[in-house]
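Reviewing the structure listed below.
The values are calculated or read from the model by the stated rules, or taken from the named source; none is laboratory data. Quick caveat, the model's predicted, so the values are computed rather than measured. Ideal geometry is used to build each Cβ from the backbone, glycine not excepted, and the neighbour counts take in all protein chains shown. Side chains are part of the model used for accessible areas, which takes the heavy atoms of the whole protein and leaves out ligands, DNA and RNA. Shrake-Rupley method; radii C 1.70, N 1.55, O 1.52, S 1.80 Å.
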Amino acid sequence: MLNLNSDIQFIKGVGEKRAKLFNSLGVFDVDSLLHFYPRKYEDKTDIKTIAQVQNSQVVCIRVAMITPVKENYIRKGMTLYKCRFSDGRDVLEVTIFNNKYLAESLKLYNEYILYGKIEKNFSVSSMSAPQIEPADFKAGIYPVYPAKNKLNSRAISKVVSTALDGIGEIPDILSGEIRRKYSLVPLDTAIRNIHFPPSSDDIAPARNRLIFDELLILQLGFLKLKSGKKKETAPIIKDDFTADFKKLLPFDMTKAQSRVTEQCIADMQKNVPMNRLIQGDVGSGKTAVAATLIHTAVKNGYQAAFMAPTEILAAQHFETLEKMLASAGIRIQLLTGSVPAKQKREIKSRLLNGEIDLLIGTHAIIQNDVEFKKLALVITDEQHRFGVRQRAALALKGISPHTVVMSATPIPRTLGLILYGDLDISIIDELPPGRQEIRTDVVNSSYNSRLYKFILDAVDRGEQCYIVCPAVEENELDVKSAKQYAEELADGAFRGRNLALLHGKMKPAEKERVMKAFADGDVQILVSTTVVEVGVDVASATIMVVEDAESFGLSQLHQLRGRVGRGDRKSYCVLVSDSKSESARKRLMTMKKYSDGFKIADEDLKLRGPGDFFGQRQHGLPELKIADMANDMDTLRITQQCAREILEVDPDLTSPQNSALALRMNKMFENASYS
Ligand code: ADP
Ligand code: MG
């Protein structure tokens, strides 16, 4: 008798050797086998005659073999076997490739069921490499599994069928109440039907149920992570010094900045760790919010850490924050990988003695050997360059500081709630007053000579220009490559100016060197890939040109556009595209129409679906077997609600009714980088 935990090798017909093959597919026991779903189905329910079907249809037909097989040797490794079949009225020519065994097994005048794509040309009908079944085969819908190595789909299907016969009813992990509320079929039905649907109408309900389960478990995991954090204790930042700090700022905070600051301070006044994402468009003033929080933490006698994704960004933040915080008597130190060992040791000891209030650096500062005396607040800038992994690393240090992640990537709110399910979210949805609008134009490459002249004029006034290309090198996609274009421009239109190349395949030190030269004004024109997306501040950069702009996501274009207009000079964004596609043009025009990143993200979501948002970030999320984040958004939302309802009644999932859910949740998250 099998149960869900039975090892795969004990299923009849498997054994030790085959078990290894199953293991390589991630299947270890009956349970994981039943959750190894078919990739698609072959519908062999309807058996037709040749006359009934149309050209190119994939069909099942019943025919008898009417000519012997003719072997046709083409070359080494390629032998064709041809013969004719008939359904009593029409004739079908069949070609079999290389399968001598099959060809020799066919018997003249016997009946077979053929499944494949039919080609109808004038009077001749033919099928290439059809599946050939005996006439007594069982009509039905057959699963096709993602096969691998020596384990083909048919073999997998047989083992699944044996397992299903041997286990009895599969216990449900959801209560009848939840199933009724969300119109879900029982788990037993869903599992049996996803593998062997009695009819094509049974597939969708089975899929829906299994997708629901998977997303529900994902949401439960996120919510549990969040409430788990709430069980850790964090330092209480008792007094709020925001008002004092506001007096030191050279400007008035916007309403949005004040609101978000308040939300964070309120979190920090509790003894559970804050775990918050601050989303704010480029230029919305996230740094001032960060500085305010740091100031309050330090004035309460604690230390803070600030992390940036690259060394130049860390250095830039150091300069900005020092200007803001030094006058308040806060001791700031920059620590990056390039600090010599001796100095590093000295910094570490001052940190441990509490002689440094704020440490700024790259991820290097969360490495194990850096210890703080009283760390209470960790702020990470430009979240999209840090994965979930780094977030987890901090928590592992045995301390539970309050954490804030700042992101300039506007993602639609609904998606944010799901993607960052373990975080609270604050949004700075307002720009400081007087911000200049960046003029955006969409042009095709026939404008190039005018564009070059426009760039030259700006450069000769002391301004700088970015030119972004979709690819590093020449490629099949036939989009502009940064390397070639940089060469072409350096020898051509921009001869005599300082032009540099920057791309992701360069060594980090080399990238930093080029970026610094640009920031210092030594490089006038920077031809690059999207590596410039990360927020280095270059006040005299006024032109952003994006080549083959249609190949970028709108949110990405928005990020790129945010690289200019950082100073007070009039700035421009030129989107170059030769695409003839109407939808591409529409997307690019959205950039001209809107300057608000959230608005653009919403449009992008509408025009392209959520795939892109998930694509960039999916890493770090547990692997999903059947749900597709991009297409199952509605279910994602519903399951979030359902997960809340379940946890409200049973916060630790300890009731017997929820034990199976808890088990599944742990399984899903054990392989993700979360744990
Ligand atoms: P981001 O959110 O992109 O990190 P920054 O924090 O770098 O934005 O702020 C962009 C610029 O706006 C900085 O020069 C900053 O001094 C300025 N700034 C921030 N807040 C305000 C405000 N409330 N009023 C005027 N200028 C502001
Ligand atoms: Mg910033």
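Laid out as a table, the results:
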| read-out | value |
| --- | --- |
| Count - residues of the stretch 219-277 that are among the small types (G, A, S) and under 19 Å from V378 (Cβ atoms) | 3 |
| The stretch 263-302, subset among the hydroxyl-bearing types (S, T, Y) and either within 14 Å of ligand 2 (Cβ to nearest atom) or assigned to a loop (DSSP other than H, G, I, E, B) (or both), residue least open to solvent (accessible area, probe 1.4 Å) | S284 |
| Residue list for the stretch 237-257, filter: open to solvent by 80 Å² or more (accessible area, probe 1.4 Å), more than 16 Å from ligand 2 (Cβ to nearest atom) and part of a loop (DSSP other than H, G, I, E, B) | K238, D240, P250, D252 |
| Complete set of residues in the stretch 148-169 that are more than 13 Å from L33 (Cα to Cα) and assigned to a loop (DSSP other than H, G, I, E, B) | N149, K150, N152, G168, E169 |
| Filtered residue count, the stretch 10-45, keeping only those that are open to solvent by 60 Å² or more (accessible area, probe 1.4 Å) and over 30 Å from I113 (Cα atoms) | 5 |
| Residue count, the stretch 98-107 (criterion: open to solvent by 70 Å² or more (accessible area, probe 1.4 Å) and in contact (Cβ under 8 Å) with a residue 40 or more places away in the chain) | 1 |
| The stretch 168-183 residues that are under 17 Å from S659 (Cβ atoms), paired with ones that are open to solvent by less than 60 Å² (accessible area, probe 1.4 Å) and assigned to a helix (DSSP H, G or I) (beta carbon under 6 Å, 6 or more apart) | I170/L187; I170/D188; I170/I191; D172/L187; I173/A660; I173/L661 |
| Listing of strands (runs of 3 or more DSSP E) fully contained in the stretch 444-553 that carry 3 or more residues being out of contact with any Lys or Arg (no Cβ under 7 Å at 6 or more places or on another chain) | 464-468, 525-528, 541-546 |
| The stretch 430-443: number of residues that are closer than 10 Å to C573 by Cα and in a loop (DSSP other than H, G, I, E, B) | 1 |
| Residues of the stretch 352-367 that turn out to be closer than 13 Å to F306 by Cβ, open to solvent by less than 60 Å² (accessible area, probe 1.4 Å) and outside any strand (DSSP E or B), as a count | 6 |
| The stretch 539-553, subset within 12 Å of S571 (Cα to Cα) and of a type outside the set (S, T, Y), residue farthest from ligand 2 (Cβ to nearest atom) | V545 |
| Residue in the stretch 174-186 that is under 23 Å from Y41 (Cβ atoms) and assigned to a helix (DSSP H, G or I) present | no |
| A305 being in a helix (DSSP H, G or I) and either more than 15 Å from I379 (Cα to Cα) or open to solvent by less than 10 Å² (accessible area, probe 1.4 Å) (or both) | no |
| Count of the stretch 132-147 residues which are touching a Pro at 6+ places or on another chain (Cβ under 7 Å) and assigned to a loop (DSSP other than H, G, I, E, B) | 1 |
| The stretch 574-601 residues that are more than 13 Å from S551 (Cβ to Cβ) and in contact (Cβ under 8 Å) with a residue 24 or more places away in the chain, paired with ones that are open to solvent by less than 70 Å² (accessible area, probe 1.4 Å) and assigned to a loop (DSSP other than H, G, I, E, B) (beta carbon under 6 Å, 6 or more apart) | G597/D281; G597/P410; F598/P410; I600/Y594; A601/P410; A601/I411; A601/P412 |
| Among the candidates L560, L526, L502, residue that is open to solvent by less than 50 Å² (accessible area, probe 1.4 Å) and within 16 Å of ligand 2 (Cβ to nearest atom) | L560 |
| Subset of the stretch 582-603 (residues that are open to solvent by 30 Å² or more (accessible area, probe 1.4 Å) and basic (K, R)) | R585, K586, K592, K593, K599 |
| Output for the stretch 63-120, where each listed residue is closer than 25 Å to G140 by Cα and among the aromatic types (F, W, Y) | F85, Y109, Y112, Y115 |
| Count of the stretch 651-665 residues which are under 15 Å from L223 (Cβ atoms) and surrounded by 14 or more Cβ atoms within 10 Å (Cβ to Cβ) | 6 |
| Some residue of the stretch 422-441 being at pLDDT 75 or above, open to solvent by less than 10 Å² (accessible area, probe 1.4 Å) and within 16 Å of ligand 2 (Cβ to nearest atom) | yes |
| Output for the stretch 46-72, where each listed residue is touching a residue at least 24 places away in the same chain (Cβ under 8 Å), more than 24 Å from Y101 (Cα to Cα), surrounded by 14 or more Cβ atoms within 10 Å (Cβ to Cβ) and not hydrophobic (A, V, I, L, M, F, W, C) | T49 |
| Filter result for V260 (within 26 Å of I411 (Cβ to Cβ), in contact (Cβ under 8 Å) with a residue 60 or more places away in the chain, part of a helix (DSSP H, G or I) and within 10 Å of ligand 1 (Cβ to nearest atom)) | no |
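Residue-by-condition table, conditions (1) buried (at least 19 other Cβ atoms within 10 Å of the Cβ); (2) within 25 Å of the chain's Cα centre (by Cα); (3) at pLDDT 70 or above; (4) among the aliphatic types (A, V, I, L, M):
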residue	(1), (2), (3), (4)
T414	no, yes, no, no
L419	yes, yes, no, yes
Y452	no, no, yes, no
G462	no, no, yes, no
Y466	yes, no, yes, no
S481	yes, yes, yes, no
Q484	no, no, yes, no
